[in-house]
Amino acid sequence: MNIILQDLSKGPVYAQVRQQIEAQISGKNLAPGETLPSPAALAQKLAVDKGEIQRAYYELELVGSIKKETGKDFLGHPKTSYRVA
């Protein structure tokens, strides 16, 4: 997944991320069932606050573009993943 952020005059970070993910889903660059990077991993890659990515994912989840799945990792700790709907 490739996301390129513009300066803030193009909109807040979460909105830019949300729009680019929506465009990749509608453009078939992200297939249904494909796993998205965790908010922390994507935030680190883009050098932004994790809350910005979480908000973008939350808004995508509200409109049904992605699904949030909660499970457990190999140590039994809760793990959340996001998949394209």
Unique match (being over 19 Å from Ile3 (Cα atoms), touching an Asp or Glu at 6+ places or on another chain (Cβ under 9 Å) and open to solvent by 80 Å² or more (accessible area, probe 1.4 Å)) among Lys68, Lys72:
Lys68
Picked from region 32-43 (must be open to solvent by less than 50 Å² (accessible area, probe 1.4 Å) and in contact with a strand residue (DSSP E or B) (Cβ under 7 Å, 6 or more places away or on another chain)), the residue farthest from Lys79 (Cα to Cα) is Gly33
List the residue pairs whose Cβ atoms are under 9 Å apart, where the first residue sits in region 59-85 and is closer than 25 Å to Asn29 by Cβ, the second is loosely packed, with under 14 Cβ neighbours inside 10 Å and hydrophobic (A, V, I, L, M, F, W, C), and the two are 6 or more positions apart or on different chains.
Leu60/Ala85; Glu61/Ala85; Gly64/Ala85; Ser65/Ala85; Ile66/Ala85; Lys67/Ala85; Val84/Ala31
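Among the listed residues Val17, Val48, identify the single one that is of a type in the set (Val, Ile, Thr) and not in a loop (DSSP other than H, G, I, E, B).
Numbers: Val48 fails: not in a loop (DSSP other than H, G, I, E, B).
Selected residue: Val17, the only one of Val17, Val48 that is of a type in the set (Val, Ile, Thr) and not in a loop (DSSP other than H, G, I, E, B).
Residue-wise test of (1) touching a Leu at 6+ places or on another chain (Cβ under 9 Å); (2) surrounded by 14 or more Cβ atoms within 10 Å (Cβ to Cβ); (3) at pLDDT below 95; (4) of a type in the set (A, V, I, L, M).
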residue	(1), (2), (3), (4)
Gln6	no, no, yes, no
Ala15	no, yes, no, yes
Gly51	no, no, no, no
Lys79	no, no, yes, no
Tyr82	yes, yes, no, no
Of (1) at negative phi; (2) charged (D, E, K, R); (3) free of Cβ contacts under 8 Å to residues at least 24 places away in the same chain, Arg18 satisfies all except one. Which?
(3)
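The values are calculated or read from the model by the stated rules, or taken from the named source; none is laboratory data. Everything quoted here is computed from the prediction, not taken from an experiment. Glycine gets a Cβ as well: all are built from the backbone with ideal geometry, and neighbour counts include every protein chain shown. Please note that ligands, DNA and RNA were not included when accessible areas were found on the heavy atoms of the full protein model with its side chains. Shrake-Rupley method; radii C 1.70, N 1.55, O 1.52, S 1.80 Å.
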